[in-house]
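Laboratory data are not the source of any read-out in this text; all were calculated from the coordinates shown. None of these values were measured; they are calculated from a predicted model. When we count neighbours, we look across all protein chains shown, and the Cβ atoms used for this are built from the backbone with ideal geometry, even at glycine.
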């Protein structure tokens with residue numbers, strides 16, 4: 001069984017596509033879009049730069065470190081390349097953020113520093129894994145993108161941004177609750193035995209596919225739903 005439903009066959013350029021975790025990256029970039037679209041007049045240039053920075057730091061940097069720590073995607077990308085991708089992408093994201101901060105609002109600077117800390121702290125499970133938990137996943141990959149995008153576009157934080165950050169946190173926790181058993185079944189379970197005895201005496205075999213199908217279908221639908229929410233915000237603001 002593949003390590004994820006979106007993993008391509010191993011080798012070559014396909015490993016780099018798999019590394020991006022494209023459905024989940026799009027999901028969390030949608031939080032950035034929602035956060036930026038909460039302001040009265042959307043500065044599309046700054047929002048675009050914020051989306052790019054998060055794609056670099058999260059879509060590439062965080063996922064490269066995640067693959068470096070244990071090879072959960074089973075790619076053949078050399079460790080040295082993963083390190084270079086992580087360092088280069090996070091540095092580029094920080095450079096973009098600093099440029100926006102100097103041109104618009106210095107309030108972005110502590111958020112940039114926090115993001116640069118969270119990427120290795122979460123994905124490399126630093127400090128004894130203290131930051132690698134469900135709660136930190138919800139805050140770092142849910143609330144943080146919304147609030148950072150809002151500050152990048154508005155220069156301040158208001159109640160609407162806090163409420164949206166709460167939405168993103170709860171939705172990210174739902175993602176985590178669904179994805180954790182799916183990852184375990186796909187990556188760690190070698191064999192499943194047993195059966196389900198249904199009312200009426202019918203029996204169904206218990207398989208790895210049975211453990212994965214329902215939560216994974218929910219994850220696909222939630223991914224699409226979150227992207228559609230972001231697209232709706234963009235359509236309203238255009």
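Would you pick out the residues in region 185-238 that are loosely packed, with under 10 Cβ neighbours inside 10 Å, closer than 30 Å to residue 44 by Cα and free of Cβ contacts under 8 Å to residues at least 24 places away in the same chain? Across region 185-238, the qualifying residues are 235, 238.
Yes or no, residue by residue, for (1) out of contact with any helix residue (DSSP H, G or I) (no Cβ under 8 Å at 6 or more places or on another chain); (2) on the phi > 0 side of the Ramachandran plot:
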| site | (1), (2) |
| --- | --- |
| 17 | yes, no |
| 41 | yes, no |
| 55 | no, no |
| 70 | yes, yes |
| 79 | no, no |
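Taking region 44-57, which residues are over 17 Å from the mean Cα position of the chain (by Cα) and either in contact (Cβ under 8 Å) with a residue 40 or more places away in the chain or surrounded by 14 or more Cβ atoms within 10 Å (Cβ to Cβ) (or both)? Selection gives 44, 46, 47, 49.
Residue 157 fulfils the conditions (1) surrounded by 13 or more Cβ atoms within 10 Å (Cβ to Cβ); (2) in contact (Cβ under 8 Å) with a residue 24 or more places away in the chain except for a single criterion, (2). Scanning region 6-18 for residues that are within 16 Å of the chain's Cα centre (by Cα), free of Cβ contacts under 8 Å to residues at least 60 places away in the same chain and not in a helix (DSSP H, G or I) gives a single hit, 6. Please work out if residue 137 is surrounded by fewer than 23 Cβ atoms within 10 Å (Cβ to Cβ), under 23 Å from residue 68 (Cα atoms) and in contact (Cβ under 8 Å) with a residue 12 or more places away in the chain. When the stated conditions are applied, residue 137 passes them.
Per-residue answers, yes or no, for (1) crowded, with 18+ Cβ neighbours inside 10 Å; (2) within 12 Å of the chain's Cα centre (by Cα); (3) in contact (Cβ under 8 Å) with a residue 40 or more places away in the chain:
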{"residue": "4", "(1), (2), (3)": "yes, no, yes"}
{"residue": "20", "(1), (2), (3)": "no, yes, yes"}
{"residue": "36", "(1), (2), (3)": "yes, no, yes"}
{"residue": "41", "(1), (2), (3)": "no, no, no"}
{"residue": "59", "(1), (2), (3)": "yes, yes, no"}
{"residue": "62", "(1), (2), (3)": "yes, yes, yes"}
{"residue": "66", "(1), (2), (3)": "yes, yes, yes"}
{"residue": "70", "(1), (2), (3)": "no, no, no"}
{"residue": "76", "(1), (2), (3)": "no, no, yes"}
